[in-house]
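One structure below.
Values in this text are rule-based calculations from the coordinates and carry no lab data. Being a predicted model, the structure only gives us computed values, none of them experimental. Here the Cβ positions follow ideal geometry from the backbone for every residue, glycine too, while neighbour counts run over all protein chains shown.
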Amino acid sequence: MNLEQLLASFPHPVGPLRILIVDDQPVNIRVLHQVFRGEFEVLMATSGEQAISLCQELRPDIVLLDVVMPGLSGHDVCRRLKADPDTRDIPVIFVTSQNQDGDEALGFEIGAVDFITKPINPIIVSARVRTHLALKLQSDLLRTIAMNDGLTKVANRRKFDEELAISWRAAQREGRVLSLVMLDLDSFKQFNDRYGHQQGDACLVAVANALNQSVRRPHDLVARYGGEEFVCILPDTDSQGAIKLAEVMRTAVKALEIEHLDSAAGGFVSISLGIATQIPNTGASPQSLLAAADGQLYQAKRAGRDRACA
Ligand code: GH3
Ligand code: MG
Ligand code: MG
Ligand code: MG
C-alpha cells in the first residue's frame with residue numbers, strides 16, 4: 001500500500017504527515033525543506049534540544065537528523081527519543097556528511113531506521129522518507145486495529161487491560177484515587193429479538209459515541225468490555241466525581257431516544273451502571289476494583305435498571 005492508501009485505511013481521520021528536519025546549519029535545512037514542502041507539514045530545528053522538545057510536543061511522523069551539532073549530537077538526540085515511550089516509535093533517519101562504516105553502524109545500533117549522506121539526492125531522500133513513513137503508518141494502523149473495537153471504534157478489552165494496569169500503577173505511585181464505571185445495556189437481548197441484530201449493532205455504536213462524548217478528561221478511557229458491556233477508567237476521580245459522570249452517561253444514552261418497547265425505561269434504550277473507587281494500596285488489585293464495579297452493576301440491575309449504584 002502507498003502512503004495515500006494507508007492514510008485512507010485508518011478508522012479515524014489522520015492529519016497531514018509531519019516531518020521534522022534537524023540540522024545546525026540553516027542552509028542544510030533549506031535544501032531538505034525544498035524536497036518536502038507542499039507534500040508534508042515540515043517542522044525545523046537547529047539544535048538537538050529543540051528537536052527533542054518538538055518531538056515531545058508535536059509528535060512528528062519521521063525525523064531527519066543531522067549527526068554533528070554543537071550541544072546535543074544527533075546520536076544523543078536519537079538515544080533520548082528512543083528512551084522515551086512517548087517518542088520511541090518516531091522513525092529517525094540520520095542525514096550526515098560523515099560516512100564511515102562505523103558511524104553508520106552506530107546509527108542503526110541506537111535505533112535509527114536509515115542513513116543518508118550529504119550532499120543529498122532529492123529523489124532518493126524523498127523515496128526513502130516515503131518508504132519509512134509507509135512502514136510507520138502500517139505499524140500505527142496495526143496498533144489501532146489491535147487496540148480498538150471494530151464495531152464501536154472505542155478501546156477494546158486488550159487496550160482496557162493495558163490501560164487499567166498503567167492507571168493502577170500511576171495511582172499507586174502518586175497516592176491518587178482511581179474510579180471505574182462498568183455499564184451494561186438494559187434488556188438488550190429483547191432489543192435484538194424485536195429489532196434485529198443490525199439495529200442492535202447500530203444501537204451499540206450510538207451508545208459508545210454517547211459515552212465517549214460524556215467523558216471530559218484526556219486520561220479518561222471508554223472501552224467495550226464485552227458484548228453490550230462498556231467500562232470507563234477514570235484516573236484521579238473520586239466517588240462523587242464518578243457518580244456525577246455515570247449520571248451524565250445514563251442521561252446521554254436515554255437522550256438518544258432509541259426506541260425499545262420492551263425496556264423498563266419509558267420505551268427507550270437505557271443503561272445500568274456500577275461504580276467503584278479506590279486508592280490503590282497493598283491488598284487491592286485492578287481485578288478487585290473491577291469486581292467491585294461489577295458488583296454495583298449487578299445491584300443496579302436488581303434495583304430495576306436504568307440507574308447507577310456506587
Ligand atoms: P440485562 O438488562 O439484565 O442486562 O438484560 P440483557 O438482555 O441485556 O442481558 P443478557 O446478557 O441476557 O443479553 C445480552 C445481549 O446482548 C445478548 C446478545 O445477543 C446481545 N449482544 C451482545 N453483543 C452484541 C453485539 O455485538 N451486537 C448485537 N446486536 N447484540 C449483542
Ligand atoms: Mg551539523
Ligand atoms: Mg444487558
Ligand atoms: Mg451483559
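How high is the relative contact order of segment 1-59, given as a whole-number percent (alpha carbon pairs under 8 Å, six or more residues apart)? In percent, rounded to a whole number, it is 34.
log₁₀ I(q)/I(0) of the chain at q = 0.09, 0.14, 0.16 Å⁻¹, via Debye over equal Cα point scatterers, no solvent, to two decimals? Here the Debye-derived log intensity ratios amount to -0.61, -0.99, -1.14. Projecting the Cα positions of Ala170, Thr131, Ile145 onto the charge dipole of segment 126-193 (unit charges on Cβ atoms of Lys, Arg, Asp and Glu, taken about the Cα centre) puts Thr131 furthest along the positive direction.
Can you spot the lysines whose alpha carbon is less than 27 Å from Lys136's alpha carbon? Ignore those fewer than 8 places along the same chain. Qualifying lysines at Cα under 27 Å: Lys82, Lys118, Lys153, Lys159. Count Lys and Arg as plus one, Asp and Glu as minus one, and take only other residues whose Cβ is under 13 Å from that of Lys82; the net charge is then -2. When the Cα positions of Pro70, Ala246, Gly283 are compared along the charge dipole of the chain, Ala246 comes out farthest toward the positive end, with charges on each C-beta of Lys, Arg, Asp and Glu. In a reduced charge model with +1 at each Lys and Arg Cβ and -1 at each Asp and Glu Cβ, the chain shows a dipole moment near 560 debye about its Cα centre.
By the Cα gyration tensor, segment 254-310 has an equivalent ellipsoid whose semi-axes, rounded to whole angstrom, run 30, 10, 7 from largest to smallest. Note down the net charge around Val205, summing +1 for each Lys or Arg and -1 for each Asp or Glu among other residues with Cβ under 14 Å from its Cβ. Counting the neighbours of Val205, the net charge comes to -1.
Listed by number, the DSSP H helices of the chain that run 20 Å or longer by alpha-carbon position along their axis and have mean Kyte hydropathy of at least -1.0 are 122-147, 197-214, 239-255, 286-302.
Just to check, using Stokes-Einstein with a Kirkwood Rh over alpha carbon pairs, what's the diffusion coefficient of segment 1-123 at 20 °C and 1.002 mPa s in µm²/s? Let's see the in-between values first.
Details: Rh = 14.8 Å.
Result for D is 144 µm²/s.
Among rounded, prolate and oblate, which fits segment 71-186 when a ≥ b ≥ c are the square roots of the eigenvalues of its C-alpha gyration tensor, a/c under 1.5 means rounded, and a/b larger than b/c means prolate? It is oblate, given that a/c is not under 1.5 and a/b is not larger than b/c. Using the alpha-carbon positions of segment 122-176, Rg (one decimal) and Dmax (whole number) come out as 17.6, 54 Å. As a proxy for reagent exposure, Asp149, Asp66, Asp76, Asp201 were ordered by neighbouring Cβ count within 10 angstrom, fewest first; the result is Asp201, Asp76, Asp149, Asp66.
Charged neighbours of Arg157, selected by a Cβ distance under 15 Å, balance to -4 (K, R count +1; D, E count -1).
Taking 0.36 nm per residue of sequence separation and subtracting the Cα-Cα distance, how much length would be gained by fully extending the chain between Met147 and Arg37, in nm to one decimal?
36.3 nm
Taken over the alpha carbons of segment 1-44 as equal point scatterers, the Debye sum produces base-10 log I(q)/I(0) values at 0.20, 0.25, 0.28, 0.32 Å⁻¹ of -0.68, -0.85, -0.96, -1.11.
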